[in-house]
1. In the stretch 107-133, which residues have a backbone nitrogen under 11 Å from the label point lying 7 Å from residue 44's Cα in the Cα-to-Cβ direction?
2. Quick check: residue separation of residue 236 and residue 320 times 0.36 nm, minus the Cα distance between them. What number comes out in nm?
3. Would you please give the FRET efficiency between residue 243 and residue 327, computed as 1/(1 + (r/R0)^6) with r the Cβ-Cβ distance and R0 = 41 Å, to the nearest 0.05?
4. Based on the Cβ-Cβ distance of residue 160 and residue 123, what FRET efficiency does E = 1/(1 + (r/R0)^6) give at R0 = 56 Å, to the nearest 0.05?
5. Going by how many other beta carbons lie within 10 Å of each one, how would you line up 321, 304, fewest first?
6. Roughly how many nanometres apart are two label points built 7 Å out from the Cα toward the Cβ at residue 65 and residue 178?
7. What's the exposure ranking of 215, 239, going from fewest to most Cβ atoms within 10 Å?
8. Can you classify the stretch 2-175 as rounded, prolate or oblate using the Cα gyration tensor, where a ≥ b ≥ c are the square roots of its eigenvalues, rounded means a/c under 1.5, and otherwise it's prolate if a/b beats b/c and oblate if not?
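Rule-based calculations on the coordinates, nothing more; no lab input. Treat the numbers as computed from the prediction; the structure is a model and nothing was measured. Cβ: placed from backbone, ideal geometry, glycine included. Neighbour counts: every protein chain shown.
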């Protein structure tokens, strides 16, 4: 597009230069025609002046001849001879003047012919120059029109390119912002995935530890239940032996001994391995001991059942933890916001 525009501009420049050259030629021809016309006019004026001068000379000579003819009747031969010689001289001069006039007339005709030829040549050259000028003007107009069309097309292409560039810039910014958002989202997802992986690993570790602790707790609770059962059986045996000892002491003082073989066997050994809740020195409080034993066993059974329930239902553990946290929070709020009432007693005298 730009190369074509430069070619058209060069063509228009050449056409304008050619137009100026042709115009200069036409001006030169017009100057030559004017010069020839002025020469012809000057020649005509010279011819007219010469004719007038020759006419005056001829008239004066004719007057002289006539005056001589009308003189004193040719008084002498010398005068007649002189006059005839003078007349012959005048005639000869007249012939010379006539020849010169004819020569000048020939020059005038020749100049007129040359002038006509020059005028015809000038007309033809002017016509051809006018045609060339018209062609050049048409070419210049066509080049200008095509140049204007190309400039309009170039402006339209520039505007379209500007629009495309702006659209490309906006699209680039939009894509960059989208890419940035996607990168941020990917980074967030990576962080979440990393945190989730860490939390899942820590959670799995906590769950495994919790499972191990739960299994250990269950084993301890099972062992505690078995020990509690053995303890109860041993307590029953101890009460029965105490009753036997009391009945034996009441029946006689023969120092009969009680058979303790059942206690001294493996069950006695097991009893010695179990932690004792009540000492043997408290045998004189049998009734109170039985009540305390029953309360302790019931509390023990309730705690075991509660632990089994919490072990089986994790949601119950969560609710218990939330309840304990809320209870502690409420107690702290009450302790921090409660203000006891102060009663100021007035003296009786006043």
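1. Zone members listed by number: 112.
2. 26.6 nm
3. 0.30
4. About 0.55, to the nearest 0.05.
5. 321, 304
6. 12.4 nm
7. Fewest to most other Cβ atoms nearby, the residues stand as 215, 239.
8. prolate
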